1. Out of segment A:344-361, which residues are hydrophobic (A, V, I, L, M, F, W, C) and part of a helix (DSSP H, G or I)?
2. Has segment B:140-153 got any residue that is in a loop (DSSP other than H, G, I, E, B), free of Cβ contacts under 8 Å to residues at least 24 places away in the same chain and within 9 Å of chain A (Cβ to nearest Cβ)?
3. Of all residues in segment B:54-76, which are of a type in the set (A, V, I, L, M, F, W, C) and out of contact with any Ser or Thr (no Cβ under 6 Å at 6 or more places or on another chain)?
4. Which one is nearest to the other protein chains (Cβ to nearest Cβ) among residues in segment A:293-310 that are aliphatic (A, V, I, L, M) and assigned to a strand (DSSP E or B)?
5. How many of the residues making up segment A:35-60 are more than 14 Å from chain B (Cβ to nearest Cβ) and either buried (at least 16 other Cβ atoms within 10 Å of the Cβ) or not in a loop (DSSP other than H, G, I, E, B) (or both)?
6. Being part of a strand (DSSP E or B) and in contact with a Phe, Trp or Tyr (Cβ under 6 Å, 6 or more places away or on another chain) is the filter here; which residues of segment B:6-58 pass it?
7. Scan (1) closer than 29 Å to A:Met105 by Cβ; (2) of a type outside the set (A, V, I, L, M); (3) part of a helix (DSSP H, G or I) for the single condition A:Asp191 breaks and write down its number.
8. Check segment B:78-93 and report whether any residue there is outside any loop (DSSP other than H, G, I, E, B), more than 17 Å from B:Tyr145 (Cβ to Cβ), facing chain A (nearest Cβ under 10 Å) and without any contact (Cβ under 8 Å) to a residue 24 or more places away in the chain.
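None of the figures in this text is laboratory data; all of them are computed from the coordinates on show. Note that the structure is a prediction, hence the values are computed from the model and not measured. Cβ sites come from the backbone with ideal geometry, for glycine too, and all protein chains shown count toward neighbours.
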Amino acid sequence: MKESNAALLKSRWISWGPVHPASGQLRVLFDTDGEHLLGAKVDIGYVHRGIEKMAENRFFIGVIPMLEKICILDASNYDLGYVRAVEEIHGVDVPERARYIRVFMCELNRITSHLYWTALMAAVTGFYTILMWAINDRELLLDLGAEYTGQRVSYIYIIPGGVRQDLPSGFKEKAFEFLDYFEQRLKILYDTFFTNKLFQMRTSGVGVLKKEDALRLGAAGPTLRGSGLKIDVRKDDPYEVYEEMDFKIPTGERGDAYDRCMVRFHEMEQSTKIMRQALESMPDGPVKVRVPWIAPKGEALSRVEAARGEADFYLLTQRGSKPYRLKISTPSFKNLYLFSHISRGHLVADLPVLLFSLDPFPLDADR
Amino acid sequence: MPKLEVEESIVKEVRKVFPSVEGEVDREKRVTFTVDPATLRDLALHLRDKQGFDYPLSVGGVDYLREGKFMVVYHVSSSSKKVVAAIKTFVPRDNPRLPSLVDVWEGINWHERETWELMGITFEGHPNLSILLLQEDWDHEKWGYPLRKDFKGVED
């Protein structure tokens, strides 16, 4: 609940944020007895931009750049979710080669997003060297994305009917070169950070989310799988060419912060595998088909597994050039709801670990 | 195994228990039910307890200004059957009230709250219908609900 500042000053709730205290633009409110948390809750809405409303006043293609700003760390997945909804309404068949490029870009973004999270998680647990390493490796991966699209983070390359351009010549070699390098880096990250005794002590047993609670409370993505549930849209409701890819869904057992962290780490390994397969089995051919500007009347629910979890795009159209209604359900919105549940009975010092184990992105929650 | 077997059996089972509910298979892994507000809760409980729809995805409102009604869509997924059900219900624009489903799927708490503050649909029995995304002093009486089609924007 948004309490006015005057009311907050009188209450016992201590406010962490919303002016970026490393938490992002959200506010964590907590009540303590000494250093024990009596309760904690999250207050979102400080970066609400009304993207669902703005989408109703733009042409179908003009919505895409805006959607990337929901979660700029993970742009391709959000593009794909919306674009697939548009394509379903039009009944368009996308060329095979474009599907492989889409999968490649989505997995590339999954790794960049997880690396960004690794950096934040390392910072809040005191591993500043790992922060530098993760950001550096992410930068190299962004360079690879820029080699293809010309942009570092905001690609706008997945469009209704395919992708904007074909891969440039010599791209595959560069990509394989990066993947060789990155697989070695992942091993080093595993040895120095993810199996580090200090990191394990800070995260083990913190913020336990039981299997049944995870489902009931509607957790998403690595947070859900950290609790031992094998739920992943890429397997359950396969889209593009994920059905042909050989990969595993990493899951945790205890559902604590450590398990959630390890799920994200293993997902990076699986994503490199998928990127390799996508490049190797990519057929030749065209990468886009024309999609008319005017959409027929229709509706579609498109689900994608973004880096933070499942994002749902529910698109309704009346005959016209703009969406009638676009409802976006984002993973951070689902996961931040859990925060007051998982923070029960912990210490104030655990707050950053609790928060970042959910990998929240306030812009993603607010839309 | 013939295609759409699971989807068709879900719809058939629901139609047997609730003859008034319209149900159809949209495509693979998608079913839609259209229900009147009075039966909404019973259908939700049936889907959760008997059909394994245990994982809520989203709640969204749609404004049909010309027809004078709102549509509210609940999307829930089944972790065992891997099917998503859309539950649609219509409420009149001049009295948009629905029973809250928070006690059925706790995870839709914030989703219903958002639908209330942006679309103005009251979920009766919701534990905390208060401002979540909008600014804390948003005046619904004066400025209205942003996602409605007749929302004009806010004057300074």
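1. Quick first cut of segment A:344-361, residues hydrophobic (A, V, I, L, M, F, W, C) only: A:347-349, A:351, A:353-356, A:358, A:361.
Across segment A:344-361, the qualifying residues are A:Val348, A:Ala349, A:Leu351, A:Val353, A:Leu354, A:Leu355, A:Phe356.
2. Yes, the conditions are met somewhere in segment B:140-153.
3. Scanning segment B:54-76 gives B:Val62, B:Leu65, B:Phe70, B:Met71, B:Val73, B:Val76.
4. A:Leu301
5. 7
6. The first filter runs over segment B:6-58 and keeps only residues part of a strand (DSSP E or B), leaving B:22-27, B:30-34, B:55-58.
Within segment B:6-58, B:Gly23, B:Pro56 qualify.
7. Single failed check for A:Asp191: (1).
8. Looking through segment B:78-93, none of the residues is outside any loop (DSSP other than H, G, I, E, B), more than 17 Å from B:Tyr145 (Cβ to Cβ), facing chain A (nearest Cβ under 10 Å) and without any contact (Cβ under 8 Å) to a residue 24 or more places away in the chain.
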